[in-house]
Amino acid sequence: MSRGARTDPPFDRQGFSTQLGKLRDEKGWSLRELSRRTGIEAYRLSRIEHARSEPSLGELQLLRVALGARVERLVFGGAPTPYTPEEDIAALERLVARLRGVEEKP
């Protein structure tokens, strides 16, 4: 299903961290509870949520599933909307392509 060309804003570590905390708070979960649901260590989640570290793509996927959020909401913010696996795969592919572009620059 093609929706035309799409341009996402660049990854913003602080914005992501804020959004992660907001989504976790909406669920009423502690870091330990999110850790239990994702399998990501609580200390690692704390570093991500305080913008001291970026999540790996695998961690991003675990967080997305646990929080029931679209990749685009988790990474770029925005209103909660239902998601489909196809839309999430497309969003992850765009994010990977963008991150690879950043890594390839000198």
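The values are calculated or read from the model by the stated rules, or taken from the named source; none is laboratory data. Just so you know, these numbers come straight off a predicted model, no measurement behind them. Note that we place each Cβ from the backbone using ideal geometry, even for glycine, and neighbour counts take in every protein chain shown.
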Notebook entry, point to check: How many residues are more than 20 Å from ALA91 (Cα to Cα), part of a helix (DSSP H, G or I) and aliphatic (A, V, I, L, M) when one looks only at the range 18-47?
Noted result: 4
Next item on the list: Tally the residues that are free of Cβ contacts under 8 Å to residues at least 24 places away in the same chain and touching a helix residue (DSSP H, G or I) at 6+ places or on another chain (Cβ under 8 Å), restricting the search to the range 13-29.
Entry: 1
Notebook entry, point to check: Looking at ARG37, is it modelled with pLDDT of 80 or more, loosely packed, with under 12 Cβ neighbours inside 10 Å and of a type in the set (Lys, Arg)?
Noted result: no
Note to self: For the range 32-54, which positions are within 13 Å of LEU67 (Cβ to Cβ) and of a type in the set (A, V, I, L, M)?
What the structure shows: LEU34, ILE40, LEU45, ILE48
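Tell me which residues, restricted to the range 65-80, are of a type in the set (A, V, I, L, M) and at pLDDT below 70. Quick ask: steps written out before the conclusion?
First, the residues of the range 65-80 that are of a type in the set (A, V, I, L, M): 65-67, 69, 71, 74-75, 79.
Of everything in the range 65-80, just one residue is of a type in the set (A, V, I, L, M) and at pLDDT below 70, namely ALA79.
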